[in-house]
1. Within the range 360-394, can you find the residues that are in contact with a Lys or Arg (Cβ under 7 Å, 6 or more places away or on another chain) and at pLDDT below 95?
2. Scan the strands (runs of 3 or more DSSP E) fully inside the range 352-399 and keep the ones with 3 or more residues being assigned by TED's automatic domain parsing to the domain that holds ALA328 and surrounded by fewer than 18 Cβ atoms within 10 Å (Cβ to Cβ).
3. Every residue in the range 213-247 that is among the polar types (S, T, N, Q) and either at pLDDT below 95 or surrounded by fewer than 24 Cβ atoms within 10 Å (Cβ to Cβ) (or both), please.
4. Looking at LEU339, LEU309, can you tell me which residue is touching a Phe, Trp or Tyr at 6+ places or on another chain (Cβ under 9 Å), surrounded by 20 or more Cβ atoms within 10 Å (Cβ to Cβ), assigned by TED's automatic domain parsing to the domain that holds TYR34 and assigned to a helix (DSSP H, G or I)?
5. If LYS177 satisfies all but one of (1) closer than 23 Å to LYS141 by Cα; (2) touching a strand residue (DSSP E or B) at 6+ places or on another chain (Cβ under 6 Å); (3) basic (Lys, Arg), what's the number of the condition it fails?
6. Could you count how many residues in the range 323-372 are closer than 24 Å to ILE399 by Cβ and among the β-branched types (Val, Ile, Thr)?
7. Restricting the range 248-282 to residues that are modelled with pLDDT of 95 or more and either among the charged types (D, E, K, R) or not assigned by TED's automatic domain parsing to the domain that holds GLU235 (or both), which is nearest to the chain's Cα centre (by Cα)?
Amino acid sequence: MNFSRRTFTQGMAIAAVSSVSPLVWAADVVKIGYVSPQTGPLAPFGEADKWVIEQMTAAFKDGIDIGGKKHAVQIILKDSQSNPNRAGEVASDLVLKDKVALVLTAGTPETANPVSDVCELNEVPCISSVVPWQPWFFGRKGNPATGFNFTYHIFWGLEDVIANFTNGWQSVKTNKKVGGLFPNDGDGNAWGDKELGFPKPLSAMGYSLTDPGRFQNGTQDFSAQIAAFKKDGVEIVTGVVIPPDAKTFLTQAKQQGFKPKVITLGKALLFPGAIEALGDLGEGLSTEVWWSPSHPFASSLTKQSAKALAEQYESSTKKQWTQPIGFAHALFEVATDALKRSKSLKATDVRDAVAGTKMKTVVGDVAWGGQGPFKNVSKTPLVLGQWNKGQKHRYELTIVNNETAKSIPVGGTLKLM
């Protein structure tokens, strides 16, 4: 993501939240670092993190046993400010100054990749999420033969999002002409990649793709893309854009008389706040669903079901549930499980415990070395959702296709815009 460093750092303090369990007087304290976008255009990915960390502080109030010793838990939250350079800097602070035992990170390649790179370089265990595995693995120049030594990832892949999007599209009648919105960032370059991304499988399924080329995040004019889509008779729009860009595109498409039958976008349409900000343009938009109250999973830490976790978030924050809650919570589930199994707080011992993870979480099963394409990737299930007018909230996300994850129930079918 090409934001100037000055834009984000001028006049902004580092958002660092340090939560310590009541056992802080104890001699042994284990520090867990957490890096996510708290500010900037990717902030919706980190919106629930402080709430999850408060929940974890309560869960860790009695400390945890590591290597036969009781440890108080200190969680240090750092803000990547939606900036890859900043993400790397705060990760370095966690590793070199705070001396954390383990780093957790989530929220697009612009945060997770530089944080993972810092941890790999400094040989500190790191667990990342909320990035499709291709931009995380190949975006970091991962070698499939060897993988990484200290960095582990939990999420789904582009093959899953492509399957979900196309499963939805095949359930409605269109001319199979697709317009792609792929920005010049980690996600956009992966989704638009001719081999790894959408072009190859779409072509194999009889869809034609109009890809007008890469654009910068924060662009104010989508006239060229809209003109290309209209010229080619596009009836389906897809892509992976940040929330402000989705609003700009959808507003300009309406102004310019472009009315596709289906709009299925990754990233931008995940969050209730982003959909509400679209007003009437929000109805009928579809997106991937990685976690919801309908997911049939429960937390290993709090024993809450996905539904109970979402309900607790809504009652305590007075905000609508949002997908990253589940993965922020699951990262701490995995971290806790690994630390409890670790022989000591030596980096290699913690790393070995992470690598040996095999457990059930609020986002599903997590296991490395068998549940993904490479030893560092553990895949989680994905389904398709659509935003419709709701009863409790203005818009509510309904699961409309579960062909790739039958255990997650649907609540309706995909409707044309």
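The values are calculated or read from the model by the stated rules, or taken from the named source; none is laboratory data. Remember, predicted model here, so these are calculated numbers, not experimental data. Virtual Cβ from ideal backbone geometry, glycine too; neighbours counted across all protein chains shown.
1. If the condition is that a residue be in contact with a Lys or Arg (Cβ under 7 Å, 6 or more places away or on another chain) and at pLDDT below 95, then GLY369, GLN371, GLY372 are the ones that fit.
2. Fully inside the range 352-399 and qualifying: 358-361.
3. Correct list: GLN216, ASN217, THR219, GLN220, SER223.
4. Result of the check over LEU339, LEU309: LEU309.
5. Every listed condition holds for LYS177 apart from (1).
6. 5
7. Of everything passing the filter in the range 248-282, LYS261 is nearest to the chain's Cα centre (by Cα).
Yes/no matrix, rows are residues, columns are (1) acidic (Asp, Glu); (2) in contact with an Asp or Glu (Cβ under 6 Å, 6 or more places away or on another chain):
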site: ASN184; (1), (2): no, no
site: GLU195; (1), (2): yes, no
site: THR210; (1), (2): no, yes
site: PHE215; (1), (2): no, no
site: GLY218; (1), (2): no, no
site: VAL237; (1), (2): no, no
site: ILE242; (1), (2): no, no
